[in-house]
1. Quickly work out the TRP85-to-ILE179 label distance, labels modelled 7 Å from Cα along the C-beta direction, and quote it in nm with one decimal.
2. At 7 Å along Cα-to-Cβ for each site, give me the label-to-label distance between THR111 and LEU172 in nm.
3. Within the set of other residues whose C-beta is less than 14 Å from the C-beta of PHE166, count the net charge using Lys and Arg as +1 and Asp and Glu as -1.
4. Count the net charge of all other residues whose Cβ sits under 15 Å from the Cβ of LEU54, scoring Lys and Arg as +1 and Asp and Glu as -1.
5. Can you give the alpha-carbon Rg of the range 94-145 over 2.2 N^0.38 Å, where N counts its residues?
6. How would LEU40, LEU54, LEU102 line up from fewest to most surrounding beta-carbon atoms within 10 angstrom?
7. Just flag the chymotrypsin sites (Phe, Trp or Tyr not before Pro) in the range 16-55 sitting in loop per DSSP whose Cβ has no more than 15 other Cβ atoms within 10 Å.
8. What list do you get for THR126, THR133 if you sort them by fewest beta carbons within 10 Å?
Amino acid sequence: MKFKFSEESIFVIKNWEIIQKLINAEGEIKKDFPKYFNELKKILQNKEWWNNNLKFELESDQQAYISIIDWKVKGVYVIWIGVEWFIPENLFGPTGNAICYLWVEDNEKITKIVSDLRSIFKNDDTYGEYIGTEEGYVIKKSLKKYEPDEIDDFINGAPLEEIATFIGEVYLKIKDYRIPQ
């Protein structure tokens with residue numbers, strides 16, 4: 001016979017049972033991940049700085065943010081402090097990143113608000129190096145990637161605590177900021 005399987009195909013054939021288990025396991029983690037991510041709300045609400053003026057929004061299975069009523073314009077939250085792209089590929093894999101952010105919703109005052117907020121953080125030792133350059137992003141900071149030997153930290157909530165720390169520190173710096181009239 002002239003047909004020749006690739007080295008990769010031969011590997012799959014030899015390890016068929018293991019590969020099927022891996023495929024099923026990947027499906028399970030994709031089901032567990034949104035439930036794990038939803039624990040962020042409880043973690044935030046247990047922080048000493050949390051108060052009833054804060055609004056937690058779970059935008060999707062992979063994005064959440066907080067805002068306050070004073071950051072609302074025409075019924076829309078204009079300033080968001082949160083995280084996006086919180087998916088397994090971005091926390092374990094070599095590509096992509098989950099991102100913590102301070103973001104300004106597109107509106108007629110976006111340029112002024114972004115400028116005001118960037119000026120608060122430009123000399124900040126913790127977040128000054130993460131000042132965003134894309135429109136809308138004031139701060140854009142990648143979350144840590146987890147190696148196989150760090151899985152216990154991940155399982156015990158380390159990335160959720162990292163997000164909560166970011167949200168809390170950023171919120172406390174800008175909590176008195178008011179949208180310009």
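1. If labels sit at ILE179 and TRP85, their model points lie 2.7 nm apart.
2. Simple spin-label model gives 3.5 nm for this pair.
3. Values: positive: LYS47, LYS140, LYS141, LYS144, LYS173; negative: GLU84, ASP124, GLU129, GLU161, GLU162, GLU169.
Taking every Cβ under 14 Å from that of PHE166, the sum is -1.
4. Summing Lys and Arg as +1 and Asp and Glu as -1 gives +2.
5. 1.19
6. Values: LEU40 23, LEU54 18, LEU102 30.
Least to most surrounded, the residues fall as LEU54, LEU40, LEU102.
7. Listed in order of number, the matching sites are TRP49.
8. The order, fewest Cβ neighbours first, is THR133, THR126.
Here, each number is a calculation from the coordinates, and none is a lab measurement. All of these numbers come straight from a predicted model, not from anything done at the bench. Positions of Cβ are generated from backbone atoms using ideal geometry, with glycine treated the same way; all protein chains shown enter the neighbour counts.
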